[in-house]
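Engineer: Just dropping this structure here.
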């Protein structure tokens, strides 16, 4: 079972609900499936990703070799509960529930928070141009 969840109910009726201090996965029946405090999410995010170097480049094939011209380098650091709430509200962060059931045993592969590359800078408080 693999479900991507946004603010709009998905095919199984799950959606993200946002309030002032938390986000939750809910079913259209009203049942709360999971809940996270935004402060705890921000703290965990900073522990897992204290900084991210985002490198942008143009590429071209020259024969069988791919060449890169590095165009931009950014250092992304820090986040906050407000940033996370706003990015979920804007649809820039989605939640993935990743469960695997073999029939004889179930395994939780963890909850994932997904953002597209073009929205990465929006997840951080500090964006420094390095190049």
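Quick note: the coordinates plus some simple rules give every number you see, no bench work behind them. Only a predicted model underlies this, so the values are computations on that prediction, with no experimental measurement involved. Backbone-built Cβ (ideal geometry, glycine too); neighbour counts: all protein chains shown.
Engineer: Which ordering of 65, 127, 32 is given by a fewest-first count of other beta-carbon atoms within 10 Å?
Structural biologist: Details: 65 7, 127 15, 32 10.
In increasing order of surrounding Cβ atoms, one gets 65, 32, 127.
Engineer: Going by how many other Cβ atoms sit within 10 Å of their own, how do 15, 68 line up, fewest first?
Structural biologist: Numbers: 15 17, 68 10.
So the residues, fewest neighbours to most, are 68, 15.
Engineer: If you don't mind, another one. So which residue, out of 56, 24, 80, gets the largest mean-square fluctuation from a GNM of the chain using Cα contacts under 10 Å as springs?
Structural biologist: Largest GNM mean-square fluctuation: 56.
Engineer: Using only DSSP helix segments of four residues or longer, with each worth -39500 (n - 2.57), what per-residue ellipticity at 222 nm results for the chain after dividing by its residue count and rounding to 500? It would help to have the intermediate numbers written out before the result.
Structural biologist: Working: 2 runs with 20 residues, N = 131.
Counting only the DSSP helices, I get -4500 deg cm²/dmol.
Engineer: Would you work out if region 49-113 is rounded, prolate or oblate? Take a ≥ b ≥ c from the square roots of the eigenvalues of the alpha-carbon gyration tensor; rounded if a/c is under 1.5, else prolate when a/b is larger than b/c, oblate otherwise.
Structural biologist: Details: a/c = 3.08, a/b = 1.42, b/c = 2.17.
Oblate.
Engineer: Using label points projected 7 Å from each Cα along Cα→Cβ, tell me how many nm separate residue 48 and residue 70, to one decimal.
Structural biologist: Reported label-point gap for residue 48 and residue 70 is 2.7 nm.
Engineer: If you don't mind, there's one more thing I want to ask. Ratio to report: Rg/Rh of region 2-129, with Cα atoms as the point set and Rh obtained by the Kirkwood method; give two decimals.
Structural biologist: On the way: Rg = 18.1 Å, Rh = 16.8 Å.
Over the Cα atoms of region 2-129, Rg/Rh equals 1.08.
Engineer: Also, I was wondering about something else. Taking the chain as a Gaussian network, Cα atoms linked when under 10 Å apart, which of 48, 119, 69 shows the biggest mean-square fluctuation?
Structural biologist: Among 48, 119, 69, the largest mean-square fluctuation in the Gaussian network model of the chain belongs to 69.
Engineer: Which distance in Å, rounded to a whole number, links the C-alpha centroids of region 83-131 and region 1-63?
Structural biologist: 4
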